[in-house]
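Asker: Can you read through this structure? Questions will come right after.
The values are calculated or read from the model by the stated rules, or taken from the named source; none is laboratory data. Everything numeric here is computed off the predicted structure, so don't read it as measured data. With ideal geometry, Cβ positions are generated from the backbone for all residues, glycine too; neighbour counts draw on all protein chains shown. Note: accessible area is taken over every heavy atom of the protein model, side chains too, but ligands, DNA and RNA are not part of it. Shrake-Rupley method; radii C 1.70, N 1.55, O 1.52, S 1.80 Å.
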Amino acid sequence: NAEYMGTHSREQTLMNFSGFGGSNAEQLERDRLLKQLEVLSMKDAIRMCNNITSLCFKECIKTFRTKTVDDTEEKCVNRCTDKFLNFQTRAGQRYNELMYSEQMK
């Protein structure tokens, strides 16, 4: 998913800035960029959480007869979120592998 991969690559970019030095102007620019990356990462995390919530709700909650989630719905939501997060993790890993192989060319 592009959202996760975007977040993940921005986190790597944040780490790459750690050795960035230079003049005061460069430091201010570095700080500004880091702040922007943090904001984008937070937005991506919120978007991913919203996507999981929407997807799993539609998939697992079929009735509104009670105020509480029954055992079947809860198990479904747990499976759904686990599957979604595992997919996101694997997609991010694969993206990083591809980016690394491209850089090594």
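Asker: For residues in the stretch 81-105 being under 16 Å from Ser54 (Cα atoms) and more than 12 Å from the chain's Cα centre (by Cα), which is most open to solvent (accessible area, probe 1.4 Å)?
Answerer: This residue is Lys83.
Asker: Out of Thr63, Thr7, I need the residue that is of a type in the set (Val, Ile, Thr) and modelled with pLDDT under 85. Which one?
Answerer: Just one listed residue meets the conditions, Thr7.
Asker: In the stretch 46-79, which residues are open to solvent by less than 50 Å² (accessible area, probe 1.4 Å) and either acidic (Asp, Glu) or within 14 Å of the chain's Cα centre (by Cα) (or both)?
Answerer: Met48, Ile52, Glu73
Asker: Oh, and also: What are the residues in the stretch 54-82 that are of a type in the set (Lys, Arg), in a helix (DSSP H, G or I) and touching a helix residue (DSSP H, G or I) at 6+ places or on another chain (Cβ under 9 Å), if any?
Answerer: Lys75, Arg79
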